[in-house]
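*Asks:* The structure under discussion is supplied below as structure tokens; questions concerning it will follow.
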Amino acid sequence: MINAYRHTSKWLVVAPIVVMLLFVVAPVLNIFSMAIQIDSFALLTTPTTRNVVWFTTWQAIISTIVVLFLAMPIAAITANFDFFGRRMLISLISVPFILPTVVVGVAFLELLPTSIHRSALAIIIAHIYFNFGLVVRIISTRWQQIHPHLEDAARTLGASRTRLFLTVTLPLLKKSLRSAGLLVFLMCFTSYGVVRILGGPARSTIETEIYFRAMQLGDVSGALVLSISQLVVVGVLILLTTQFGTTNSAEFRQTIYSRIRRPQNFGQKLFIASIALISTVAVLAPLVSVVRRSILVGERTNFFAWHIIFTDPEIFKSLTTSLKYAVFTIAVSTTIGLFSACAIIYGSTRYRFLNILTTLPVVVSAVTLGLGLIITFDVNPIDWRGAWLMMPIAHCLVAIPIVMRIISPTIRDLPNGLRDASQTLGATTWKMWRTIDLRIIQPALLTAAAVACAVSLGEFGASSFLVRRNNETLPLMISRLLSRPGETIQAQAYAIATLLIVACVAIIGVVDYFGTEKHR
Amino acid sequence: MNQKKLKHDFKNIFLCAALLGSLASACTNSSSTDNSSTNQADPTNSDQVTLTLLAYDSFTPSKNIFDAFTLETGVKVEIALGGDAGELVTKAALTAGNPQGDVLWGVDNTMLSRAIEAKIFSAYQTKNINDLDESARKLISNFEVAPVDTGDVCLNYDVKWFADREIAPPLTLRALTSANYANLLVVPSPITSSPGLAFMLATIAEFGEDGWSEYWQQLKQNGVLIVDGWNEAYYTEFSGSSGKGDRPIVVSYGSSPPAEMIYASPKPATAPTAVAALTCYRQVEFAGVLRGTKHQREAEMLVDYLTSIAFQQDLPLTLFVYPANTKAKLPAEFLKYSLRPELPLQIDPELIAKNRTTWLDTFTNKVLR
């Protein structure tokens with residue numbers, strides 16, 4: 001019985017609550033109480049703010065619509081057909097989602113013609129690139145769960161393919177479409193790195209405007225007002241996503257009916273081949289352009305940059321720093337994420353508030369949180385502002401909500417019958433947990449750890465804010481190298497970006513090979 | 001049956017977790033030793049003080065420049081980079097009285113009033129004060145900070161581009177609105193870049209508070225390209241530097257031409273870029289002791305060192321600025337190719353402080369969007 005765990009869940013909630021109160025709630029409240037002034041709210045009615053809010057909203061809407069539209073055909077072929085390289089294709093299109101923003105930013109600067117640099121179009125293209133794998137996975141998973149008999153019945157009753165899709169398949173996919181759409185909207189709405197790199201000075205989202213207000217104008221109060229307005233919008237949306245969000249991480253749920261079949265005629269084969277080809281090229285093109293730049297100095301091929309990044313002590317140091325922080329992030333965020341996921345599910349409704357609490361790091365703008373951290377941890381014994389610890393803690397804060405959402409569904413969907421049986425047979429609570437729950441969530445835990453690793457390796461926004469003397473991570477190094485003149489130095493930045501791409505591909509490989517397919 | 005395997009799996013997980021844990025704690029141990037922050041005085045070694053010098057990201061003096069200071073005083077210096085100048089001042093203002101370091105390098109005259117209003121600094125009159133540039137000294141009333149360097153933000157142009165086409169390069173700000181120079185100018189945005197801001201202030205100094213936004217409208221109609229930062233403008237879009245940009249006029253520094261000459265290989269016979277002297281806006285940078293430092297005396301010694309001849313002479317070829325110390329010798333190459341306008345454009349720091357936000361808002365709404 002799940003009730004057996006209820007007692008333990010009381011203890012599990014402690015760690016996540018402490019972490020969130022200490023590192024998110026306290027700093028944010030602190031900065032609000034210190035810096036906010038009532039008359040700054042007038043800022044909300046100025047044309048500048050109106051423009052920013054309008055741009056933030058419409059680019060997010062367009063990105064979302066286009067992503068959903070483009071993801072449909074790929075979701076269709078991966079959910080319905082078995083073909084050579086199917087799993088590889090699913091893995092491949094997932095790579096962009098975990099790529100560091102800096103890497104995607106420079107990749108598109110390299111790939112896109114200069115005429116559309118610094119435009120809304122560039123931002124939207126990058127947003128589509130980022131999110132499209134996620135959407136395919138969500139929709140494809142749901143699609144695979146649609147019982148083929150439903151469609152057969154419709155066909156027998158004389159429905160055309162279009163009619164079948166519109167009246168049977170689409171309504172059944174509606175929930176997952178909505179949840180994927182909200183998620184994408186959220187990502188694009190709070191986008192920072194992509195907008196800074198590709199948008200140019202004329203394009204500002206609320207998130208980048210918060211940064212400009214606080215840093216360039218020194219108007220921290222105004223920045224906080226903007227961040228409150230963002231918090232309200234995003235908060236509402238998050239509540240909606242968690243409500244509809246049951247399918248989010250459902251890729252690990254097994255499908256009950258196999259609707260996947262081999263393509264039957266030439267038309268289907270052609271359709272599959274062309275969709276697969278187009279999406280492969282779309283995913284790979286920006287990545288290839290990064291690799292190309294790393295070995296191209298002037299017009300000639302040259303491996304000098306690669307030689308440097310493996311011998312330069314400074315770059316080696318960043319590499320070890322990045323790895324160190326990734327290990328820390330994996331250890332801490334999977335632990336805390338697991339604790340809170342377990343607490344929420346085992347404690348039934350009592351600890352539902354943890355859901356909201358652990359989402360805070362995503363909802364609160366990075367600048368607000370960063371400034372809060374600086375003014376909060378400034379007294380002994382916790383004057384950690386200069387300590388290296390702040391940055392990996394920030395990585396953990398970003399990773400925890402994601403980890404939680406990966407682990408939760410697996411625990412929730414675990415049939416209680418198994419636990420009942422084990423208890424009847426006399427297992428202790430602890431033994432029951434580790435022989436049943438732990439064993440079943442193992443793949444999800446692995447996935448969570450891998451994603452936490454990717455988050456830490458790629459984190460840029462909070463890191464750039466908390467960087468101190470000796471702890472530059474790889475994405476920060478890329479951005480610093482790119483701002484220096486000289487083609488060989490630029491090539492080094494692209495070489496490091498290539499390393500991060502390889503890491504992300506490896507992570508997805510691990511997740512998809514060991515994480516999803518339970519070796520049964 | 002399966003029990004044994006389960007146990008085995010669990011042992012593996014446990015081992016992994018233990019390994020991760022020990023790795024994490026290993027990181028803690030190794031870093032806690034070399035990271036004694038200056039705010040927490042190191043109890044084991046009380047006579048060795050390490051100062052933290054907060055500076056903007058592009059602060060790149062010679063690598064061992066502080067060794068002489070350490071040798072002389074026994075005080076070590078660690079540089080902590082804190083983003084661009086704006087980020088630096090915002091963070092210092094929020095932590096005023098309980099600072100993240102001991103000395104701050106890099107407040108410029110466009111942000112000076114903001115920093116002084118926030119009471120970031122504790123006043124100190126450096127012993128080198130009489131050697132420092134007089135006009136720069138005048139900007140500070142109570143020795144809150146000391147001027148450390150000056151520079152000029154000016155239009156630079158690609159000499160060859162104009163020679164090839166037999167067009168006269170632009171010499172004034174007004175000239176930029178003429179059809180001859182349509183689609184030739186690239187500028188960094190004043191919102192995100194400090195030379196960009198200086199250039200906007202130059203236009204305000206030149207055309208007045210009533211005329212400058214009109215002027216920018218005309219620049220816009222004449223096809224000005226506004227980019228995020230100076231790097232992008234100078235190295236990517238400008239045609240006269242290492243990039244392959246196609247715009248021959250750029251907002252940069254009076255000291256950019258010597259940088260092109262000194263770091264080029266092979267060295268060109270004549271300077272590839274030049275400066276339009278009448279378009280320059282004077283930037284002054286300051287350093288000061290942060291109020292609330294635990295090492296007031298050592299921090300003051302560091303400010304003395306930053307304004308001393310030894311340190312100041314390092315600046316021209318590393319930061320490409322003019323030393324504030326008038327006794328510092330300038331390298332011949334630097335003097336030969338750089339341009340020092342006699343009457344640079346300037347705006348009173350008080351006036352800037354009062355209008356900065358309004359001006360930038362105007363710029364955002366009328367020019368950028």
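The values are calculated or read from the model by the stated rules, or taken from the named source; none is laboratory data. Computed from a predicted structure; not experimentally measured. Ideal geometry is used to build each Cβ from the backbone, glycine not excepted, and the neighbour counts take in all protein chains shown.
*Asks:* Residues to consider are A:389, A:371, A:438; find the one that is without any contact (Cβ under 8 Å) to a residue 40 or more places away in the chain, within 12 Å of chain B (Cβ to nearest Cβ) and closer than 24 Å to residue B:81 by Cβ. Full working, then the answer.
*Replies:* Details: A:371 fails: without any contact (Cβ under 8 Å) to a residue 40 or more places away in the chain; A:438 fails: closer than 24 Å to residue B:81 by Cβ.
A:389 is the lone residue from the list that is without any contact (Cβ under 8 Å) to a residue 40 or more places away in the chain, within 12 Å of chain B (Cβ to nearest Cβ) and closer than 24 Å to residue B:81 by Cβ.
*Asks:* Let me ask something additional. What residue, of A:437, A:378, is outside any helix (DSSP H, G or I) and within 28 Å of residue A:21 (Cβ to Cβ)? Give the steps one after another, and end with the answer.
*Replies:* Values: A:437 fails: outside any helix (DSSP H, G or I).
A:378 is the lone residue from the list that is outside any helix (DSSP H, G or I) and within 28 Å of residue A:21 (Cβ to Cβ).
*Asks:* Would you check which residues across the stretch A:392-419 are charged (D, E, K, R) and either assigned to a loop (DSSP other than H, G, I, E, B) or more than 12 Å from residue A:5 (Cα to Cα) (or both) and list them? Give the derivation first.
*Replies:* First, pick out the residues of the stretch A:392-419 that are charged (D, E, K, R): A:405, A:412-413, A:419.
Of everything in the stretch A:392-419, those that are charged (D, E, K, R) and either assigned to a loop (DSSP other than H, G, I, E, B) or more than 12 Å from residue A:5 (Cα to Cα) (or both) turn out to be A:405, A:412, A:413.
*Asks:* Taking the options A:424, A:447, A:516, name whichever one is at pLDDT 80 or above, over 27 Å from residue A:357 (Cα atoms) and not hydrophobic (A, V, I, L, M, F, W, C). Steps first, answer last, please.
*Replies:* Details: A:447 fails: over 27 Å from residue A:357 (Cα atoms); A:516 fails: at pLDDT 80 or above.
Checking each option against the conditions leaves just A:424.
*Asks:* Which numbered condition in (1) within 16 Å of the chain's Cα centre (by Cα); (2) free of Cβ contacts under 8 Å to residues at least 60 places away in the same chain is the only one that residue A:513 fails?
*Replies:* Failed condition: (1).
*Asks:* A further question follows. Taking the stretch A:485-503 only, how many residues are within 11 Å of chain B (Cβ to nearest Cβ), touching a Ser or Thr at 6+ places or on another chain (Cβ under 8 Å) and either assigned to a helix (DSSP H, G or I) or in contact (Cβ under 8 Å) with a residue 12 or more places away in the chain (or both)?
*Replies:* Residues flagged as within 11 Å of chain B (Cβ to nearest Cβ), touching a Ser or Thr at 6+ places or on another chain (Cβ under 8 Å) and either assigned to a helix (DSSP H, G or I) or in contact (Cβ under 8 Å) with a residue 12 or more places away in the chain (or both) within the stretch A:485-503 amount to 1.
*Asks:* Can residue A:343 be described as crowded, with 21+ Cβ neighbours inside 10 Å, modelled with pLDDT of 85 or more and either within 12 Å of chain B (Cβ to nearest Cβ) or over 18 Å from the mean Cα position of the chain (by Cα) (or both)?
*Replies:* On the way: crowded, with 21+ Cβ neighbours inside 10 Å: yes; modelled with pLDDT of 85 or more: yes; either within 12 Å of chain B (Cβ to nearest Cβ) or over 18 Å from the mean Cα position of the chain (by Cα) (or both): yes.
Here the answer is yes, as residue A:343 does meet what is asked.
*Asks:* Looking for whichever is under 23 Å from the mean Cα position of the chain (by Cα), surrounded by 22 or more Cβ atoms within 10 Å (Cβ to Cβ) and among the β-branched types (Val, Ile, Thr) here; the options are A:128, A:65, A:61. Which one fits? Spell out the reasoning first.
*Replies:* On the way: A:65 fails: surrounded by 22 or more Cβ atoms within 10 Å (Cβ to Cβ); A:61 fails: surrounded by 22 or more Cβ atoms within 10 Å (Cβ to Cβ).
The conditions single out A:128.
*Asks:* Let me ask something else. So residue A:472 passes all but one of these: (1) within 12 Å of chain B (Cβ to nearest Cβ); (2) modelled with pLDDT of 80 or more; (3) part of a helix (DSSP H, G or I). Which condition number does it fail?
*Replies:* Unmet for residue A:472, out of (1) within 12 Å of chain B (Cβ to nearest Cβ); (2) modelled with pLDDT of 80 or more; (3) part of a helix (DSSP H, G or I): (3).
*Asks:* Something else now. I need the helices (runs of 4 or more DSSP H) fully contained in the stretch A:169-233, keeping only those with at least 2 residues that are farther than 28 Å from residue A:41 by Cα, among the aliphatic types (A, V, I, L, M) and more than 9 Å from chain B (Cβ to nearest Cβ). If you could, list the steps in order and put the result at the bottom.
*Replies:* Working: elements: A:170-189, A:193-198, A:206-211.
Once the helices (runs of 4 or more DSSP H) in the stretch A:169-233 are filtered for at least 2 residues that are farther than 28 Å from residue A:41 by Cα, among the aliphatic types (A, V, I, L, M) and more than 9 Å from chain B (Cβ to nearest Cβ), what remains is A:170-189.
*Asks:* So which of A:73, A:16 is touching a helix residue (DSSP H, G or I) at 6+ places or on another chain (Cβ under 9 Å), surrounded by 18 or more Cβ atoms within 10 Å (Cβ to Cβ), part of a helix (DSSP H, G or I) and of a type outside the set (Lys, Arg)? Walk me through it before giving the result.
*Replies:* Numbers: A:73 fails: surrounded by 18 or more Cβ atoms within 10 Å (Cβ to Cβ).
Criteria check complete, one pass: A:16.
*Asks:* Further question on the same structure: Among the residues of the stretch B:94-123, which ones are within 25 Å of residue A:480 (Cα to Cα) and of a type in the set (A, V, I, L, M)?
*Replies:* Selection gives B:103, B:104, B:107, B:111.
*Asks:* For the stretch B:292-366, which fully contained helices (runs of 4 or more DSSP H) count at least 2 residues that are within 14 Å of chain A (Cβ to nearest Cβ) and at pLDDT below 95? Steps first, answer last, please.
*Replies:* On the way: elements: B:296-306, B:309-312, B:315-318, B:332-337, B:349-362.
Helices (runs of 4 or more DSSP H) meeting the threshold: B:349-362.
*Asks:* Given the options A:338, A:397, name the one that is at pLDDT 90 or above and away from chain B (no Cβ under 14 Å). Quick ask: steps written out before the conclusion?
*Replies:* Details: A:338 fails: away from chain B (no Cβ under 14 Å).
Only one candidate qualifies: A:397.
*Asks:* Can you name every residue in the stretch B:234-246 that is of a type outside the set (S, T, N, Q), out of contact with any Gly (no Cβ under 7 Å at 6 or more places or on another chain) and surrounded by fewer than 24 Cβ atoms within 10 Å (Cβ to Cβ)?
*Replies:* Selection gives B:243, B:244, B:245, B:246.
*Asks:* Further question: Can you work out which of the residues in the stretch B:77-128 that are on the phi < 0 side of the Ramachandran plot, more than 12 Å from chain A (Cβ to nearest Cβ) and part of a loop (DSSP other than H, G, I, E, B) is surrounded by the fewest Cβ atoms within 10 Å (Cβ to Cβ)?
*Replies:* B:125
*Asks:* Collect the residues in the stretch B:181-233 that are part of a strand (DSSP E or B) and either more than 9 Å from every other protein chain (Cβ to nearest Cβ) or buried (at least 20 other Cβ atoms within 10 Å of the Cβ) (or both), keeping them in residue-number order.
*Replies:* Quick first cut of the stretch B:181-233, residues part of a strand (DSSP E or B) only: B:185-188, B:225-227.
Within the stretch B:181-233, B:185, B:186, B:187, B:188, B:226, B:227 meet the criteria.
*Asks:* Further question on the same structure: Determine whether residue A:365 is modelled with pLDDT of 85 or more, surrounded by 19 or more Cβ atoms within 10 Å (Cβ to Cβ), more than 10 Å from chain B (Cβ to nearest Cβ) and within 30 Å of residue A:207 (Cα to Cα). First the steps, then the outcome.
*Replies:* Numbers: modelled with pLDDT of 85 or more: no; surrounded by 19 or more Cβ atoms within 10 Å (Cβ to Cβ): yes; more than 10 Å from chain B (Cβ to nearest Cβ): yes; within 30 Å of residue A:207 (Cα to Cα): yes.
So residue A:365 does not fit the description; no.
*Asks:* Within 30 Å of residue A:264 (Cα to Cα) and either part of a helix (DSSP H, G or I) or among the small types (Gly, Ala, Ser) (or both): which single residue out of A:91, A:40 fits that description?
*Replies:* On the way: A:40 fails: within 30 Å of residue A:264 (Cα to Cα).
Step by step, each of A:91, A:40 is checked, and only A:91 is within 30 Å of residue A:264 (Cα to Cα) and either part of a helix (DSSP H, G or I) or among the small types (Gly, Ala, Ser) (or both).
*Asks:* Out of (1) surrounded by fewer than 18 Cβ atoms within 10 Å (Cβ to Cβ); (2) touching a helix residue (DSSP H, G or I) at 6+ places or on another chain (Cβ under 8 Å), what's the single condition that is false for residue B:256?
*Replies:* All conditions are met except number (1).
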